[in-house]
Amino acid sequence: MTQIRPSVVNVINAEAITKTFGVHDALRGIDLAVNPGESIVILGPNGAGKTTLLKILATIMNPTSGSLFVFGLNVKDEAENIRRRIGVVSHQSFFYSSLTIYENLEFYARMYGIDNHNSRIKEVIEMVGMTDRLHDRTNTLSRGMQQRISIARALLHNPDIVLLDEPETGLDQQALSMLWRLLRDDKEKNRTVIVSTHNLERALEFADSVIILRRGSIVYQQLAKSLNSSSLKQAYSENTVEKI
């Protein structure tokens with residue numbers, strides 16, 4: 001039976017989320033409430049749990065314990081319906097290497113039931129500056145180009161939430177500027193965006209709020225407007241440097 005919360009204010013409600021791999025606790029009691037249209041940047045050292053948290057929010061991975069509601073729906077009951085309203089950019093591209101960019105995006109467009117998908121594909125490809133490579137096979141693309149196509153695919157179905165796990169990987173300076181411009185544009189569309197990154201300066205430019213993860217726990221959370229470059233660097237140092 002589908003479980004729906006009666007009064008939904010937040011687009012994401014995570015309570016006491018844990019994730020354990022064998023004897024390793026990847027996430028330890030994560031509580032997170034995200035408003036519709038909010039932009040959140042997740043910071044933290046390698047191994048802090050950023051990727052695991054984003055996978056759970058994307059319904060790609062189940063938590064070991066705790067509860068997660070997205071759009072007011074319990075992910076235990078409605079993962080498939082929730083997933084159709086989320087766009088994801090992960091470390092892996094998940095493209096069919098023998099197909100062209102267009103064929104890959106057409107495949108995903110049909111999965112999402114996008115009407116007039118031909119024009120939508122051309123639109124998102126233009127957004128990421130890859131129009132001239134549309135009919136090239138994906139196995140001929142550099143890592144940075146594949147990342148651009150991953151971003152296009154994440155936006156293809158106009159999702160309500162976009163989750164990006166270190167999306168800057170492999171991108172040159174021009175592509176980086178394009179990525180953050182697209183994310184800023186998304187804020188104007190009231191789309192909820194959650195990004196993990198190591199780039200503290202970009203976090204301040206983009207985020208409504210900043211979260212720092214350490215050893216699977218949220219150790220710091222603050223509104224970006226209350227921070228500047230120096231205060232964020234200090235907070236990051238204080239909350240991520242191992243104490244002896």
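The values are calculated or read from the model by the stated rules, or taken from the named source; none is laboratory data. Remember, it's a predicted structure, so these values are computed and weren't measured experimentally. Positions of Cβ are generated from backbone atoms using ideal geometry, with glycine treated the same way; all protein chains shown enter the neighbour counts.
Worth pointing out:
- Subset tally (residues that are of a type in the set (D, E, K, R), under 15 Å from D160 (Cβ atoms) and not in a loop (DSSP other than H, G, I, E, B)) for the range 81-108: 1
- Any hit, the range 125-139, residues being closer than 19 Å to H91 by Cβ and among the charged types (D, E, K, R): no
- Qualifying positions in the range 96-116 - touching a residue at least 24 places away in the same chain (Cβ under 8 Å) and either in contact with a Lys or Arg (Cβ under 8 Å, 6 or more places away or on another chain) or closer than 23 Å to V11 by Cβ (or both): S97, S98, L99, T100, I101, N104, L105, Y108, A109, Y112, I114
- The range 141-168 residues that are polar (S, T, N, Q), paired with ones that are part of a strand (DSSP E or B) (beta carbon under 7 Å, 6 or more apart): S150/V89
Per-residue answers, yes or no, for (1) closer than 19 Å to I114 by Cβ; (2) modelled with pLDDT under 80; (3) among the basic types (K, R):
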{"position": "Q147", "(1), (2), (3)": "no, no, no"}
{"position": "L156", "(1), (2), (3)": "yes, no, no"}
{"position": "D160", "(1), (2), (3)": "yes, no, no"}
{"position": "L163", "(1), (2), (3)": "no, no, no"}
{"position": "M178", "(1), (2), (3)": "no, no, no"}
{"position": "R181", "(1), (2), (3)": "no, no, yes"}
{"position": "K187", "(1), (2), (3)": "no, yes, yes"}
{"position": "H198", "(1), (2), (3)": "no, no, no"}
{"position": "R215", "(1), (2), (3)": "no, no, yes"}
